[in-house]
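Below is one structure; the comments refer to it alone.
The values are calculated or read from the model by the stated rules, or taken from the named source; none is laboratory data. Quick caveat: nothing in here was measured; it's all calculated off a predicted structure. We place every Cβ from the backbone using ideal geometry, glycine too, and count neighbours over all the protein chains shown. Just the protein is used for accessible areas: all its heavy atoms, side chains included, with ligands, DNA and RNA removed. Shrake-Rupley method; radii C 1.70, N 1.55, O 1.52, S 1.80 Å.
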Amino acid sequence: MSTVKITSVVEKDKEGDFLLKWEVSPDQEGTIDIYSSLTDSSMTSFTPLTSKKVTDQVLRISPAGSGLREYFLLRTAGVYSGVVANRIIEMNNVKNFRDIGGYSTTDNRQIKWGEIYRSANLSDATLYDQERIRRLNIKTIIDFRSERTAKKYPLLLHPSIRKIALPLSPMDAEKLDEQLKDAGFDRSDAIRYVQEAYVDIVENHKEQFGEMFDILTNDSNYPVLLTESLGKDGVGLASYFILYALGVPHGTLEEDYMLSNQEIDPAKAKMDAQNLSEPLQEAVTAMLSVNRAYLNYAIDYIKQKYGSVDNYLEKELRVTSGKKNLLRKYLLYQY
């Protein structure tokens, strides 16, 4: 069995080109073959694109299709990489829009790209954003925003997309405004507040998460988009549970959760933080960011109360072994 491993990522640059980056371990000489496709439906859809030196480690690629998505495979020393695509989908006015596919499981399977997306607020989506969402063929949107926020800020989407409301109590803008009325509120208060809010979501919104898994075990609902005001708290926990159920290791789940810090700029949030005291500004930043301490506080709570995340999923969210098998059937590559 070969010990060679190819790690690769795809990003979009400002010019709209794909930047394909790779690392091969252990260090190798020679060439790496690169294949591309506009679909990831099968291995046979990938055709040779070019060959580069292993040591080049990066290749700029002009889009072959619409420029929205493209899939790549790499091969060296007789070993293939997994399917790689751009995780971040650039939008005009929708933040934190990304794909949760592509990750590897503990048994060396790979999650399909283009089946589950996550995002922040969709209510300000421009026509450009709405068209991009339509071109991703998204069929179902699960809206985790509170009922009050959802009523105040209706979603702007193509009427063919099914919208399902599963209200949680995440850190939406109105809740944040309420908390900041306390002038003594500081960063440490904010961290504790978010941690307790996560526990509240875990403990008091089992029905919503259970319904989410019911939706995900019906293949006619895919592709699915998970959304809320900031796309980081309720969506972050939902993404964790989905990827965990598929067998993605905790370290990778942390990395996916932490990506929100690259996609959300607290300085551009819908609130006036300029006139706040410095401690309150630090509190705002803490509440508008993600922190491993938030996620791990909730996961530790689950383990302490329910024995394990698996127990929580099965006994509280009704994620049986049968449902896990369906999720793996729909969401893992079969090649």
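Here are a few things to note about the model shown:
- Selection status of Ile264, among the aliphatic types (A, V, I, L, M), within 17 Å of Ile89 (Cβ to Cβ) and over 11 Å from the mean Cα position of the chain (by Cα): yes
- Number of the exception - Tyr198 against (1) within 18 Å of the chain's Cα centre (by Cα); (2) surrounded by 16 or more Cβ atoms within 10 Å (Cβ to Cβ); (3) not in a helix (DSSP H, G or I): (3)
- Listed by first and then second residue, the pairs with beta-carbon distance under 9 Å, at least 6 apart or on different chains, first residue in segment 160-181 and assigned to a strand (DSSP E or B), second at pLDDT 65 or above and among the aromatic types (Phe, Trp, Tyr), are Ala165/Phe144.
Residue-by-condition table, conditions (1) at pLDDT below 95; (2) within 27 Å of Arg109 (Cα to Cα); (3) among the aromatic types (Phe, Trp, Tyr); (4) open to solvent by less than 40 Å² (accessible area, probe 1.4 Å):
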| site | (1), (2), (3), (4) |
| --- | --- |
| Met287 | yes, no, no, yes |
| Ile302 | no, yes, no, yes |
| Tyr306 | no, no, yes, yes |
| Leu317 | no, yes, no, yes |
| Thr320 | no, yes, no, no |
| Leu331 | no, yes, no, yes |
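- Among residues of segment 130-149 that are closer than 26 Å to Ala85 by Cα and open to solvent by less than 20 Å² (accessible area, probe 1.4 Å), those with a Cβ under 6 angstrom from a residue that is in a loop (DSSP other than H, G, I, E, B) and not β-branched (Val, Ile, Thr), sequence gap 6+ or separate chain, pair up as Ile138/Pro223; Ile142/Leu166.
- Lone unmet requirement of (1) assigned to a loop (DSSP other than H, G, I, E, B); (2) out of contact with any Phe, Trp or Tyr (no Cβ under 8 Å at 6 or more places or on another chain) for Asp40: (2)
- Applying the criterion of being out of contact with any helix residue (DSSP H, G or I) (no Cβ under 7 Å at 6 or more places or on another chain) and in a loop (DSSP other than H, G, I, E, B) to the residues of segment 209-229, the residue that is surrounded by the most Cβ atoms within 10 Å (Cβ to Cβ) is Pro223.
- Pairs where the first residue, in segment 283-309, is touching a residue at least 60 places away in the same chain (Cβ under 8 Å) and the second is loosely packed, with under 13 Cβ neighbours inside 10 Å and part of a loop (DSSP other than H, G, I, E, B), C-beta under 9 Å, 6+ apart: Leu288/Asp265; Ile302/Ser308
- The set of residues in segment 20-71 being free of Cβ contacts under 8 Å to residues at least 60 places away in the same chain and among the basic types (Lys, Arg) consists of Lys21, Lys52, Lys53, Arg60.
- Taking every residue in segment 246-259 that is assigned to a loop (DSSP other than H, G, I, E, B) and pairing it with any residue that is hydrophobic (A, V, I, L, M, F, W, C) and buried (at least 16 other Cβ atoms within 10 Å of the Cβ), at least 6 positions away or on another chain, the pairs with Cβ-Cβ distances below 8 Å are Leu246/Ile111; Leu246/Leu327; Leu246/Leu331; Leu246/Leu332; Val248/Ile111.
- Every residue from segment 230-276 that is modelled with pLDDT of 95 or more and either farther than 24 Å from Leu136 by Cβ or open to solvent by 30 Å² or more (accessible area, probe 1.4 Å) (or both): Tyr244, Gly247, Pro249, His250, Gly251, Thr252, Glu254, Glu255, Met258, Leu259
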